[in-house]
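Here the structure is laid out as C-alpha cells; the discussion comes afterwards.
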Amino acid sequence: MPSEKQLAANRRNAQKSTGPTSVAGKAASSMNALKTGLHAQSVIIPGENAADLKQLTSEYYAHYQPATPQARGLVDDLIRCEWTLRRLDTSEASLWNYQNDQSFRPVPDAHRQGKVVAQNAKTFGLIQRRIDATRRGRDRALGQLRELARHPEPVPAPRPIATTDPATPEPPITSTPIGFVPSPSSAPSAPAAMSYSPLQGRIKNCLTSS
C-alpha cells in the first residue's frame, strides 16, 4: 500500500501533465475515445507496418470525426480502400523487381520491362482490376459520407410521459357502462292516448252498432 508521501508525490506529478499542446497532438488525442473496426492483426500482411496503418486511421478519424456507427463504418471503408491501394502499388513494384531478378535469359536493359509485361500480362491486368475496383469503393464511400453530412441522421425526440395532475378533476364518464340495464323509472314513457274528433266518434259508433 503506498504511503502518504507517495500519494502526495503522485498528485503533484499528475498536476504537471497537461496533455498534448500541439494542434496535431490535440487532434490525435481527441480521437482516443472513438473505436474503429479495423484491427492490425487481421489487416496487416508480411512486409507492412502496423504503425503506418495506425497513423492512417488517426488521420482519417481526425479529419471526418465520425459520430455515428454508420459514419464510422464509412470512414473504415475509406481507410481500408486507401490501405489496399498502397498494398497494390507495392505489389506491382515487387512483381517488377521479382521478375527482373528471375530472368533466366538476359535481355538488354531497354527490353527488360517489355519482357516482364509479356510474361505477366494476366497478373498485371488482375492487379489493375483490383486497383480500379478499390478506387470505385473509395469514391462510393466518399459520396456516402458527403450525403450523410448534408442529411445527418435525425435524433428522435424523447416521448413525453403522461402524468395526471391531482389538482385537475377527471372528466365524468358519459358513455353507458357495459352490463348496465336502465331502471323502469328511467325508461321512456309510453306515448299518450290519441284523442278523437267528433266525426271520428260518430264513425266508430256506426261501426259498433252494425
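Here, each number is a calculation from the coordinates, and none is a lab measurement. Keep in mind that this is a model prediction, so the values were computed, not measured. So basically every Cβ, Gly included, is an ideal-geometry build from the backbone, and we count neighbours across all protein chains shown.
Overview of results
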item: Rg over Rh [alpha-carbon atoms, Kirkwood Rh] for the stretch 36-150; result: 1.12
item: By average C-beta atoms within 10 angstrom, highest first, the peptides 79-86, 62-69; result: 79-86, 62-69
item: Scattering curve values for the stretch 114-153, log₁₀ I(q)/I(0), Debye with Cα scatterers, q = 0.15, 0.28 Å⁻¹; result: -0.52, -0.84
item: For peptides 106-113, 52-59, sequence by mean Cβ density within 10 Å, most packed first; result: 52-59, 106-113
item: With eigenvalues of the C-alpha gyration tensor scaled by 5 and rooted, the stretch 47-89, Å; result: 20, 11, 7
